Amino acid sequence: MSHFLQSLSEDALFRSYSFYCSILVIKMMFMSSFTGFKRITFKSFISPEDAAFHGTKVSTPTENVERVRRAHLNDVENIPLFFVTAFAFCLTNPSLSWANFLFKAYTIARIVHTVVYAIIPIPQPARLICWLISYNITGFMALNSILYFLS
């Protein structure tokens with residue numbers, strides 16, 4: 001391993017960033033599988049080849065599947081922004097404890113968002129609160145990075 005990569009892998013801030021990004025990747029992978037599981041369970045297939053493979057016909061989407069799919073799409077819309085913004089934020093030399101707090105809060109908010117949206121649906125504003133927490137953390141890190149790199 002090159003000296004640069006070795007020092008990067010030993011950096012506490014980068015390790016924290018990598019740890020929480022990895023959790024979020026696993027979470028998104030889970031959502032892909034969970035969507036497939038729900039499609040099979042409820043025999044709700046939108047592609048003819050998938051329906052034929054499972055011995056059924058194409059059907060209109062069921063809410064049980066659509067709820068999980070929408071939660072996954074919400075992840076796809078929001079989590080990649082965190083990956084990029086959190087990386088830029090790491091380059092601003094933030095305090096380790098502050099960065100850890102933001103990364104952890106974001107990750108927990110996204111996991112709870114999935115739980116209250118797709119696994120154990122809870123009425124609003126539970127999902128909104130989780131989304132707002134993660135949205136504001138991403139916005140804060142982006143704004144902080146812009147201001148840092150402007151100076």
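Rule-based calculations on the coordinates, nothing more; no lab input. Predicted model only: the values in this text are computed from it and were never measured. Backbone-built Cβ (ideal geometry, glycine too); neighbour counts: all protein chains shown.
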Rotationally averaged projected area of the chain (alpha carbon convex hull; nm²): 11.7
Packing-based exposure ordering (other Cβ within 10 Å, fewest first) of Ile111, Ile79, Ile122: Ile122, Ile111, Ile79
Summed residue charge, Cβ within 12 Å of Ser44's Cβ, Lys/Arg positive, Asp/Glu negative: +3
